[in-house]
Amino acid sequence: MIYADLHIHTVYSSDSLVQPKNIVDQLVSHSYIKVAAVTDHDSVRGCKVTMQLASAYPDILIIPGVEITTPQGDMLVLGTEELPPKPWSPENVADYARSISGVSIVAHPFRQYGMGETARGIKVDAIEVLNGGSSSAVNNQAKEFAKNLGLPGTAGSDAHQLSELFSVNSRIDARLDVDDVLRAIKKGLVYAQNSAGSIRF
Ligand SMILES: [Zn+2]
């Protein structure tokens, strides 16, 4: 069993203050969250830098990813160190994720920049049902939505600053291995939960 924060922004997103080193340090010192997906806005530079730094520590894992700004709303792709080919329609992004055996996730569907009901028509792998930057009302709405669609629900802090890292986590029945984590999410072996009190500075 692993515990992962599946939605984090670094300074390679224009609106984030989190340094790649912060993520690595927090994973090393955290008591149980040892996996993090780096998902910058329309950039894969941050995940590459973070993976490089994390490679010195065998007991933590960085999942490369990106948060793509589509005209309909934000989508996460996990398991990629490349950007999807344009145009970035939700369908194209989901197709790209499938083609690389990655995971496509509708980010915060009922918040600003969320896809809302539009996500219904898109073949995504999962819905983000617990977003650290969203109210519990819209998170609950996302949870109902995922249940309704029969899709797995993931959790990610959507951290843009250090204090927001790991506010929520995804408990995943997987080994400490990127491919195994991605496979487990697609199989629905994932449980979204709050991690209150778990952050150590
Ligand atoms: Zn985000």
Note to self: What number comes out for accessible area per residue over segment 128-201 if the probe is 1.4 Å? Units Å², please.
What the structure shows: 48 Å²
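Is the shape of the chain rounded, prolate or oblate, going by the alpha carbon gyration tensor and its root eigenvalues a ≥ b ≥ c, with a/c under 1.5 for rounded and a/b larger than b/c for prolate?
Working: a/c = 1.42, a/b = 1.27, b/c = 1.12.
Verdict is rounded for the chain.
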Margin query: Quick check: the angle from helix 178-187's long axis to the longest principal axis of the chain, C-alpha only, nearest 10 degrees?
Written below: 40 degrees
Check: With a Cα-only, solvent-free Debye model of segment 79-174, what are the log10 I(q)/I(0) values at q = 0.13, 0.15, 0.21, 0.23 Å⁻¹?
Finding: -0.45, -0.61, -1.14, -1.27
Next item on the list: Mind pulling the angle between the C-alpha long axis of helix 136-149 and the longest principal axis of the chain? Nearest 10 degrees, somewhere in 0 to 90.
Entry: 60 degrees
Checklist line | Between 0 and 90°, nearest 10: helix 20-29 axis offset from the chain longest Cα axis | finding: 70 degrees
Check: Considering only the other residues whose Cβ falls under 12 Å of the Cβ of Asn169, what net charge follows from Lys and Arg at +1 and Asp and Glu at -1?
Finding: +1
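When the accessible area of the chain is split by element with a 1.4 Å probe, what percent falls to carbon and sulfur?
Details: 4320 of 8700 Å².
Heavy-atom surface of the chain belonging to carbon and sulfur, 1.4 Å probe: 50 percent.
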Next item on the list: For segment 130-151 and segment 27-85, write down the distance between their C-alpha centroids in whole Å.
Entry: 22 Å
Next item on the list: Return the sequence-ordered ³J(HN,Hα) values of segment 114-124 in whole Hz as given by the Karplus equation 6.51 cos²θ - 1.76 cosθ + 1.60 applied to θ = phi - 60°, using x for Gly and Pro.
Entry: x, 7, x, 5, 4, 4, 4, x, 10, 7, 8
Check: Between Asp15 and Glu81, 0.36 nm times their residue separation minus their Cα-Cα distance comes to what?
Finding: 21.7 nm
Checklist line | segment 50-201 - percent relative contact order, Cα under 8 Å, separation 6 or more | finding: 17 percent
Next item on the list: Please build a GNM for the chain, connecting alpha carbons under 10 Å apart, and tell me which residue among Gly65, Gly73, Gly121 fluctuates the most.
Entry: Gly121
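The values are calculated or read from the model by the stated rules, or taken from the named source; none is laboratory data. These numbers were taken from a predicted model, which means no experiment stands behind them. Cβ sites come from the backbone with ideal geometry, for glycine too, and all protein chains shown count toward neighbours. Heads up: the accessible areas ignore ligands, DNA and RNA and are worked out on the full protein's heavy atoms, side chains in. Shrake-Rupley method; radii C 1.70, N 1.55, O 1.52, S 1.80 Å.
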